[in-house]
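The structure under discussion appears below in the form of structure tokens.
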Amino acid sequence: MAIIFYTEEVKWPAFLKKRALGKWLGDVAASYGKRTGAVSYLFCTDEKILEVNRCFLQHDYYTDIITFDYTEGDVLSGDLYISLETVRSNSEQFRTTFEEELLRVIIHGILHLCGLKDKSAAEQAKMRAAEEQALRLFLRNGDNLKETR
């Protein structure tokens, strides 16, 4: 199966290489004893993610990512919605680059599919540590991002 990336009413972030992202996500999944099946990412607007949040989760607020987990056994499957607008706002709030914040959100979804949670403080700490480890793995290879300048 494959990891597929879509956009709806937003432009694809030009600095991202789909092939490098797919390999990274597969490598992270493998580090948890998992493999990727049908995983799709939809990059969208705040309004789209709010609509999804309301319709499927009965939540009336914006968020950076919504993960629908269809994983069976060790094969990861899911639909992941990411609001690029919220990611940009979060990058400003957390004083990080948009690129780093987007990568963090992208991997956050796969980590959820791998079974990591983030409801309690202890779970959040584990999730942040896993995100940091995965980001280091990705950023170690400087060829994974296109030149942004």
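The values are calculated or read from the model by the stated rules, or taken from the named source; none is laboratory data. Since the structure is predicted, the reported quantities are computational estimates derived from the model, not experimental observations. In this analysis, Cβ positions are derived from the backbone assuming ideal geometry, glycine residues included, and neighbour counts consider all displayed protein chains. In case anyone asks, the SASA skips ligands and DNA or RNA and just uses the protein heavy atoms, side chains included. Shrake-Rupley method; radii C 1.70, N 1.55, O 1.52, S 1.80 Å.
Points worth noting:
- Beyond 27 Å in Cα-Cα separation lie the following of the pairs Lys11/Lys119; Lys48/Lys117; Lys11/Lys117: Lys11/Lys119; Lys11/Lys117.
- Dipole in debye (nearest 20) - the chain, about Cα centre, beta carbon charges: Lys, Arg +1; Asp, Glu -1: 580
- Filtered chymotrypsin sites (Phe, Trp or Tyr not before Pro), the stretch 59-90: DSSP coil and at most 11 other beta carbons within 10 Å: Tyr61
- The stretch 1-73 - percent of accessible surface contributed by carbon and sulfur, probe 1.4 Å: 52
- Kirkwood-type hydrodynamic radius, the chain: 15.6 Å, calculated from all non-identical alpha-carbon pairs.
- Rg over Rh for the stretch 1-56 works out to 1.05, both radii taken from alpha-carbon positions and Rh defined as the Kirkwood radius.
- Taking only alpha carbon atoms, the stretch 14-93 gives an Rg to Rh ratio of 1.01, where Rh is the Kirkwood radius.
- Only protein heavy atoms count here; under a 1.4 Å probe, Thr71 has an accessible surface of about 40 Å².
- Measure of compaction for the stretch 80-149 (Cα Rg per 2.2 N^0.38 Å): 1.14
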